[in-house]
Amino acid sequence: PNEWVLVHAAAGGVGLAAVQIAKARGCRVIAAVGSQEKFNVCRAQGAMHCVNYRDENWTQRVMEITEGKGANVVYDPVGLVEKSLKCTAWNGRIVVVGFAAGTIEKVATNRVLLKNVAVMGVHWGAYARNEPEQVPSVWRELFDMAERGHIVPVVYEPVFYGLDRTKDALKAISSRQTYGKVVVKPAESPSKL
């Protein structure tokens, strides 16, 4: 509670869920996104501040927001660990959940040591095989948050109707203009079966 959480790719479906979960746990959320247009989406879901990680000085901006302390937790599905270490707090935690940027980083471990930072990967799909006893409790907590309205799905508008519009949905995703989850409905009207 009351920790600063930096969420990368915060306007995506999983990123917005991370924003909502951090907010529900009493954290102060900084959303990192790739365009100014996505700031309002993130703020509507609970982010207190937004930074554009395409700006050269985004790490400095995080330090300003946190009054020089840095983010206590960094949620990273992109592959921004190296840069994030510049704005991670003493005893901070960096949670690696993916490499959407396309490259697997090499991290300068001296920064990890000097700031006493813990870097951990979370491979949710592997829990079923390696720690199956954890899965039901995580789902219970997520469903409880959903029932209380703390986490809600965010669907990109417009919804694409008809499978022939799938190409339009994919084009919107690849142009990075979307937020939340992009939905393609097979038909405009319900099935007649």
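The values are calculated or read from the model by the stated rules, or taken from the named source; none is laboratory data. Owing to the predicted nature of the structure, the values given are computational and were not obtained by experimental measurement. All Cβ positions, even for glycine, are placed from backbone atoms using ideal geometry, and neighbour counts span all protein chains on display. Ligands, DNA and RNA are stripped out before the accessible areas are found, and what is left, the full protein with its side chains, is counted by its heavy atoms. Shrake-Rupley method; radii C 1.70, N 1.55, O 1.52, S 1.80 Å.
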Identify all residues within the range 31-54 that are within 16 Å of GLU82 (Cα to Cα) and modelled with pLDDT under 95; write none if there are none. TYR53, ARG54
Restricting the search to the range 1-23, which residues are free of Cβ contacts under 8 Å to residues at least 40 places away in the same chain and not in a loop (DSSP other than H, G, I, E, B)? VAL19
All but one of (1) of a type in the set (D, E, K, R); (2) open to solvent by 20 Å² or more (accessible area, probe 1.4 Å); (3) under 24 Å from GLN20 (Cα atoms); (4) within 18 Å of the chain's Cα centre (by Cα) hold for GLU67; state the number of the condition that does not hold. (4)
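Return yes or no: is GLN60 open to solvent by 10 Å² or more (accessible area, probe 1.4 Å), at pLDDT below 95, more than 25 Å from ASP144 (Cα to Cα) and of a type outside the set (Gly, Ala, Ser)?
Details: open to solvent by 10 Å² or more (accessible area, probe 1.4 Å): yes; at pLDDT below 95: no; more than 25 Å from ASP144 (Cα to Cα): yes; of a type outside the set (Gly, Ala, Ser): yes.
It is false that GLN60 is open to solvent by 10 Å² or more (accessible area, probe 1.4 Å), at pLDDT below 95, more than 25 Å from ASP144 (Cα to Cα) and of a type outside the set (Gly, Ala, Ser).
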Given the conditions (1) open to solvent by 80 Å² or more (accessible area, probe 1.4 Å); (2) closer than 30 Å to ARG25 by Cβ; (3) aromatic (Phe, Trp, Tyr), which single one is not true for TYR156? (1)
Which residue pairs have Cβ atoms under 7 Å apart, sit 6 or more places apart or on different chains, and have a first residue in the range 66-81 that is within 20 Å of THR109 (Cβ to Cβ) and a second that is among the hydroxyl-bearing types (Ser, Thr, Tyr) and part of a strand (DSSP E or B)? GLY70/THR88; ALA71/THR88; VAL74/THR88
